[in-house]
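Down below is the structure, laid out as structure tokens.
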Amino acid sequence: MLAVPDETALEVERAAHGLRLRGTQLYLEPIGRPQLGFLAHARGARAILPERTVATAGTVALLEAAQPRALRKAAPLPAAWGKPFSLGTLTLTVHPAGHVLGSAQLECEVAGKTILYASDLGGAGARAPATAERLEQVRCDVLLLRATSGHPRYAFPPRAEVLEDLSRFVAAALAERRTPIVLAAPLGGTQEAVRHLGEHELRLHSAPLRFCDVYRAQGVDLPRTLPLGSAKPGQVVVLPAHPRIRRLLPDFEPYRICLLSGRAAEPGFAQEVGVDLALPLSDHAGFSDLLDYAQGSGASRVVVVHGQADELIRALRERGVAAHTVREQHRQLELL
């Protein structure tokens, strides 16, 4: 049952299964198997899901492709964009987060007050992914903001510029008669690369290949792709950005490697991870986008719940926004 305390005492707390709306069973960042949890997106979803899982149709479809057994045990509660629904005395609404397909923010309304959980947000404007729903600016009383890229060094350029650099990398590798290998997140980064490189024959690892099929079924226009196999001259190979994938690289010699990651904004990152080129193509909102979003929410208080909190909080306070974070040793956080 979703009993809710008096509005003056409304809090978020860290509990056994993650970040929870106090006085309810609703976990905003569920860990393990609580009775009820919100799943903001399918990327990095855990193998064990809540008994009842609030998620968008896009997220449910991606989980069906990647983790069907976990999904069957989760009793998913699909939520439609912008349509409020009730769970006990809570009124919940999901809004696009712009991170990956189906990624969502959760608006919780209690006694006339709104708390917005903005999990992983995507970039805005020229930095927005082309294969995810556009980030929606939502007004709220209290904003819970996940700051994955909450440091000023994460100043991402316009997406079109990064993708042009990717095209130049592919053209140069092919001119050298080498196989261009693109390393990217299986969900998000891969679909952005595939959409942009559609003029080439593309070979994909099985995991991102499944996700591309879901994207197409959900109405995202992606070019045809081939299973991994052995690349032929002129083909481009797209692999998950994971250390274990390097065992596959000898199959494609000679090759050049380009890694797509927001961490490419860090000096020396390409050398650190041992690739020929690293490009700052991120599925996450950068520092400036996070600041603008927080200020645009109109929230009386912004709470940074993860990520690189200190720099973001300092910058928000300089803009006159009341902001703070939750340290692990703190059990509760007053919101209203």
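Rounded to the nearest 10 degrees, the inclination of helix 159-175 to the longest alpha-carbon principal axis of the chain is 20 degrees.
Here's the list of lysines a cross-link from K83 could span, going by alpha-carbon distance under 30 Å and ignoring same-chain residues fewer than 8 apart: K73, K113. When DSSP beta bridges are limited to those with both residues in the stretch 1-134, what percentage is antiparallel, rounded to the nearest 5? Antiparallel: roughly 70 percent of the beta bridges in the stretch 1-134.
Distance between the modelled labels on R319 and Q35, one decimal in nanometres: 3.8 nm (7 Å Cα→Cβ projection).
For the stretch 196-308, what is the convex hull (Cα atoms) projected area averaged across all directions, in square nanometres? Could the numbers behind the result be given before it?
Numbers: hull surface 39.4 nm².
In nm², the orientation-averaged hull projection of the stretch 196-308 is 9.9.
Here the stretch 212-292 exposes an accessible surface that is 50 percent carbon and sulfur, computed with a 1.4 Å probe and the other protein chains kept in place.
Counting only C-alpha contacts under 8 Å and six or more residues apart, can you give the relative contact order of the chain as a whole percent? Walk me through the numbers on the way to the answer.
Working: 768 pairs, mean separation 59.6, N = 336.
Result for the chain is 18 percent.
A straight line joining the Cα centroids of the stretch 258-285 and the stretch 205-221 runs 24 Å.
Along its first, second and third principal axes, ordered by size, the stretch 27-179 spans 62, 37, 26 Å in Cα coordinates.
When the alpha carbon gyration tensor of the stretch 31-100 is reduced to an equivalent ellipsoid, the three semi-axes, largest first, read 19, 15, 10 Å. Placing a pseudo-label 7 Å from each Cα along the Cα-to-Cβ vector at E64 and A171 gives an inter-label distance of 4.1 nm.
Classified by the C-alpha gyration tensor, the stretch 138-252 has a prolate form. Its axis ratio a/c, with a ≥ b ≥ c, is 1.5 or above, and a/b is larger than b/c. With the simple model of a label 7 Å out from the Cα in the direction of the Cβ, Q218 to E161 spans 2.9 nm. Geometric descriptor of the stretch 271-324, per residue, is 104 Å³ (volume of the convex hull of the Cα atoms).
Can you give the convex hull volume of the alpha carbon atoms of the chain per residue, in Å³? Before the final figure, lay out each step's value.
Values: hull volume 43.5 nm³, N = 336.
About 130 Å³ per residue, rounded to a whole number.
Using the Karplus relation 6.51 cos²θ - 1.76 cosθ + 1.60 with θ = phi - 60°, the per-residue 3J(HN,Hα) values for the stretch 45-54 come to 4, 6, 6, 10, 10, x, 4, 10, 10, 7 Hz, with x marking Gly and Pro.
The values are calculated or read from the model by the stated rules, or taken from the named source; none is laboratory data. Not measured: the values here are computed from a predicted model. FYI the Cβ positions are ideal-geometry reconstructions off the backbone, even for glycines, and counts take in every protein chain you see. We work out accessible area using only protein heavy atoms, side chains counted, and drop any ligands, DNA or RNA first. Shrake-Rupley method; radii C 1.70, N 1.55, O 1.52, S 1.80 Å.
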